[in-house]
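Visitor: Here you go, one structure.
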Amino acid sequence: MSIAGAIGIMSALGFGLSAESITSGVREVVRGEQLLNTVTRVENLSIPSMLISLIPANPFMDMTGARSTSIIGVVIFSAFIGAAALGLHPEQPEEASHFKRTVDAVHAIVMRIVTMVLHLTPFGILALMTKVVAGSNVTDILQLLQFVIASYAALIAVFVIHLIMVTMVGANPIRFIRKTLPVLIFAFTSRSSAGTMPLTIQTLTKGLGVSEGVANFAASFGTTIGQNGCAGIYPAMLAVMIAPTVGIDPTSLSFIGTLIVTIAIGSFGVAGVGGGATFAALIVLSALGLPVELAGLLISIEPVIDMGRTVVNVSGAITTGFVSGRAMGEVDMETFNSNASLELDMDAVS
């Protein structure tokens, strides 16, 4: 995350981006007012309260996705259940086996539901692309083209780092790209890391040969922690752009160091859905004392950039799962090295 933040800083400085040169329109002013109304909730966050918020007070409520950290809450609650089940097995093996069969049955039903949804994926992608195109103003995009180019330059740089990490653990980066391309395309159109999670898990297990335990853990946490695009690059670029408006030198080492640390800490629990990057930016900007309303200046190009950010978020989760799996010996390299094309279909699982 710190590396992603540093790349975002370098990209913003390299392209000479500044919020002072962006003209505010009616939409930008309205968006700025909305962000000001939200910032009071963000300013009350501290590091201890942020960590405590990860622990579920009501796990059943978290299963509905009621909080931005719901996925982490469900994972933590599941870990407690798993530990309890393992402790129960030596003393009451019959009950533990019955519980395992129940979980397996529920898993099969959920996978069948996911299969039904995946069969409708092409229609969903068409609708999502139509919505983005219809809601984008070409004139606004051209006016902010420099920021779009700088953002995608940073995103590509982080993606290259992901490939370098894959290469360092002895895997072919070209094969890695080929096997992850379908899920990355879905992430690009859906703009939702959480919505892409089932496909992320399948890509890790069926395409890259990662064990189910590691794949589920990496994909689950990857939707709310370690989002290189939304919680790393974007807040860093915004902070560098906005800093000159309040007389702060964005090239000073003290500012850059504070910004990178704030990004790393603030990235915990960011929602893996469209618009999650805005919340991440609010955390960083408010922590640094920068005017959060200026984040609304980029509302016109938000969907265009968010598509690329989501790709990097998902790529980061996949890379983390694969690299961690290799380190723990939980990757079947025969599956990874196979030339079979991965088809995003879960019929075999069900």
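Visitor: Please note which helices (runs of 4 or more DSSP H) are completely contained in the range 164-248 and include at least 1 residues that are in contact (Cβ under 8 Å) with a residue 40 or more places away in the chain, β-branched (Val, Ile, Thr) and open to solvent by less than 10 Å² (accessible area, probe 1.4 Å).
Guide: Fully inside the range 164-248 and qualifying: 173-190, 193-202, 234-242.
Conditions tested, residue by residue: (1) exposed (fewer than 14 other Cβ atoms within 10 Å of the Cβ); (2) of a type in the set (A, V, I, L, M); (3) farther than 24 Å from residue 193 by Cβ; (4) modelled with pLDDT of 80 or more.
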| site | (1), (2), (3), (4) |
| --- | --- |
| 54 | no, yes, no, no |
| 89 | no, no, yes, yes |
| 102 | yes, no, yes, yes |
| 113 | yes, yes, no, no |
| 134 | yes, yes, no, no |
| 148 | no, yes, no, yes |
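The values are calculated or read from the model by the stated rules, or taken from the named source; none is laboratory data. Quick caveat, the model's predicted, so the values are computed rather than measured. As a convention, Cβ positions derive from the backbone with ideal geometry for all residues, glycine included, and neighbour counts pool all protein chains shown. We work out accessible area using only protein heavy atoms, side chains counted, and drop any ligands, DNA or RNA first. Shrake-Rupley method; radii C 1.70, N 1.55, O 1.52, S 1.80 Å.
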